[in-house]
Amino acid sequence: MAANPKPQLSFSAGRRWKIGFDVVVRTALVLAVLVMANYLGSLFPERFYLSSQTRIKISPRTVDVLRSMTNHVLVTLYYDTQDDSDFYPTIVTLLDEYQAVNPNFSIRTVDYVRDAGEAEKIKAQYQLNSPNAKNLIIFDCDGRTKIANGDALTQYTYEQVPNEKEREFRRKPVAFNGEVMFTSMLLAVINPKPFKAYFLQGDGEPSLTDSGETGYLKFGAVLEQNYIRVEPLELVGDDPVPADCNLLVIAGPRTLFSNPELQKIDQYLSQGGRLFLLLDYSSIQHPTGLEDILRHWGVRAGLDVVQDPKHTYSGQDVIVYDFSQHPIANPLTQLALQMILPRPVGRINWQNPPADAPNVTELAFSGPDSTLMNERGPAPRSYPLMVAVEQNEVKGLAAAHGSCRMVVTGDSLFLDNQLINDGANRDFIGYAANWLLDRPALLQGIGPRPVVEFRIIMTRQQQRNVHWLLLGALPGGVLALGGLVWLRRRK
């Protein structure tokens with residue numbers, strides 16, 4: 001019988017060296033992979049998301065604002081972090097995206113329920129005296145602060161819940177406005193002095209404070225979100241357009257302007273003013289006097305209404321898909337505007353234009369089968385519906401506001417409270433205002449982020465059936481199967 005071989009020692013010197021060498025090599029490989037991953041990450045900073053449900057990608061406009069930021073901004077989340085009734089995780093994820101773009105953007109969280117001492121410091125620092133001061137997002141830059149209520153970041157609607165006995169509804173989230181609000185707050189704290197827009201009143205224009213369908217309350221809110229302070233203005237007496245007016249808005253005038261008013265507007269434009277003019281069909285029968293000023297700047301406002309039978313919902317509206325190449329129109333190329341009874345607004349083709357003629361660009365057009373409501377003679381064709389005007393230099397005059405810029409549209413109703421959220425109407429306001437104010441970094445719009453829910457909606461009886469199925473039938477089935485297996489094995 002052969003002798004048993006001599007067993008090899010488990011921890012001989014050779015084996016110890018082999019194991020140690022293996023550990024060193026594996027550790028070096030892991031470190032090499034980490035170094036390469038970080039190097040590649042620095043070369044390609046774009047983030048990749050594995051799930052559309054966890055993806056929060058901020059807009060190019062927000063990225064541009066963050067990259068231009070040099071001051072330090074501290075964001076405090078004054079929150080009950082364990083409260084599942086709000087969008088706290090979504091808010092944190094969104095703010096993390098802001099911080100990833102610019103390290104000067106920092107975030108801290110103060111749980112006012114579990115950290116009472118720190119919460120008292122925040123309340124004293126930001127004067128949060130109200131008992132309802134809960135779930136807040138606080139932006140702070142060099143003492144300039146903006147505070148938003150986290151509960152107001154989400155838009156809700158009411159959805160009926162199946163109920164066999166009575167009608168029951170629940171609040172269903174439909175849109176999250178976090179980025180809209182946060183970027184607006186960021187602009188407010190990093191810029192000590194906002195732009196100022198004056199909204200002309202007194203000539204039949206809608207009111208900025210009117211929350212009804214034809215009011216312009218939401219229009220003013222969009223300008224505020226773009227860090228443009230809005231104030232009403234009446235050109236009465238001898239006072240001209242205020243010297244601090246960065247943007248003059250004239251929306252839907254319905255009466256004839258007085259000669260002093262027209263002279264003040266003309267003087268403001270000749271000094272490099274910025275004008276956002278929204279005409280509509282009502283001024284066809286009642287000219288405002290602004291038409292002569294527009295002709296001087298190379299703009300023709302037609303005295304008719306454009307109809308587009310192939311791009312309409314009601315016959316009175318025109319769905320606009322055709323846009324030119326311009327900083328205002330470029331972001332709209334994949335979108336659409338919904339305009340109501342729009343007037344044709346285009347450029348005047350001068351045979352012998354003056355040397356200092358402004359540059360007039362037609363921005364949006366109706367479809368090729370469009371006609372005019374009152375003039376049936378011309379063959380169907382496309383009509384321009386809005387223009388952008390720019391004159392870099394006014395010869396012989398000092399431009400107090402820089403280069404003169406204007407945006408003129410053939411409709412004002414598409415931006416009232418009723419229609420502002422249709423199509424890309426809301427976005428158009430931001431694009432136009434930021435171009436007028438020469439803020440190219442802000443021309444990429446920000447809109448509400450849709451909320452996608454995955455829910456199983458059942459009646460109370462169905463919920464009870466599922467309850468007993470999960471707590472009774474499934475465990476009972478497993479026990480019964482186990483019992484059968486036991487009986488079989490006993491045999």
As an exercise: evaluate GLU231 against (1) loosely packed, with under 15 Cβ neighbours inside 10 Å; (2) of a type outside the set (Lys, Arg); (3) part of a loop (DSSP other than H, G, I, E, B) and give the number of the one condition it does not meet. (3)
The listed residue being surrounded by fewer than 22 Cβ atoms within 10 Å (Cβ to Cβ), over 24 Å from the mean Cα position of the chain (by Cα) and among the hydrophobic types (A, V, I, L, M, F, W, C), out of LEU262, LEU217: LEU262
Can you name the number of the only condition in (1) under 25 Å from ASP280 (Cα atoms); (2) at pLDDT below 90 that LYS193 fails? (1)
Give the stretch 392-424 a look and list any residue that's modelled with pLDDT under 90 and in contact with a Leu (Cβ under 7 Å, 6 or more places away or on another chain), or say none. GLY423, ALA424
Please enumerate the residues belonging to the stretch 277-306 that are within 24 Å of THR371 (Cβ to Cβ) and in a loop (DSSP other than H, G, I, E, B). LEU279, ASP280, TYR281, HIS286, PRO287, GLY302, LEU303, ASP304, VAL305
Of the criteria (1) within 24 Å of the chain's Cα centre (by Cα); (2) in a loop (DSSP other than H, G, I, E, B), which one ASP244 fails: (1)
Please go through the stretch 283-299 and give me each residue that is buried (at least 17 other Cβ atoms within 10 Å of the Cβ) and either of a type outside the set (A, V, I, L, M, F, W, C) or within 26 Å of ASN434 (Cβ to Cβ) (or both), ordered by number. SER283, THR288, GLY289, LEU290, ILE293, LEU294, TRP297, GLY298, VAL299
Working carefully through the options ASP322, ASP317, ASP369, find the one that is out of contact with any strand residue (DSSP E or B) (no Cβ under 9 Å at 6 or more places or on another chain), in contact (Cβ under 8 Å) with a residue 12 or more places away in the chain and surrounded by 13 or more Cβ atoms within 10 Å (Cβ to Cβ). ASP369
Is at least one residue of the stretch 370-384 over 29 Å from GLN285 (Cβ atoms) and modelled with pLDDT under 95? no
Considering only the stretch 234-251, state which residues are under 30 Å from ASN177 (Cβ atoms) and either aromatic (Phe, Trp, Tyr) or buried (at least 22 other Cβ atoms within 10 Å of the Cβ) (or both). LEU247, LEU248, VAL249, ILE250, ALA251
Provide a single number: the residues in the stretch 247-276 that are part of a loop (DSSP other than H, G, I, E, B), in contact with a His (Cβ under 8 Å, 6 or more places away or on another chain) and within 21 Å of ASP411 (Cα to Cα). 3
Inside the stretch 325-352, can you point out the residues that are part of a loop (DSSP other than H, G, I, E, B) and touching a residue at least 12 places away in the same chain (Cβ under 8 Å)? HIS326, PRO327, ILE328, ALA329, LEU335, ALA336, LEU341, PRO342, ARG343, PRO344, ILE348, TRP350
Here the residues within the stretch 339-357 that are crowded, with 23+ Cβ neighbours inside 10 Å and not charged (D, E, K, R) are MET339, PRO342, VAL345
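The values are calculated or read from the model by the stated rules, or taken from the named source; none is laboratory data. Just so it is clear, the model here is predicted, and its values are computed rather than measured. In this analysis, Cβ positions are derived from the backbone assuming ideal geometry, glycine residues included, and neighbour counts consider all displayed protein chains.
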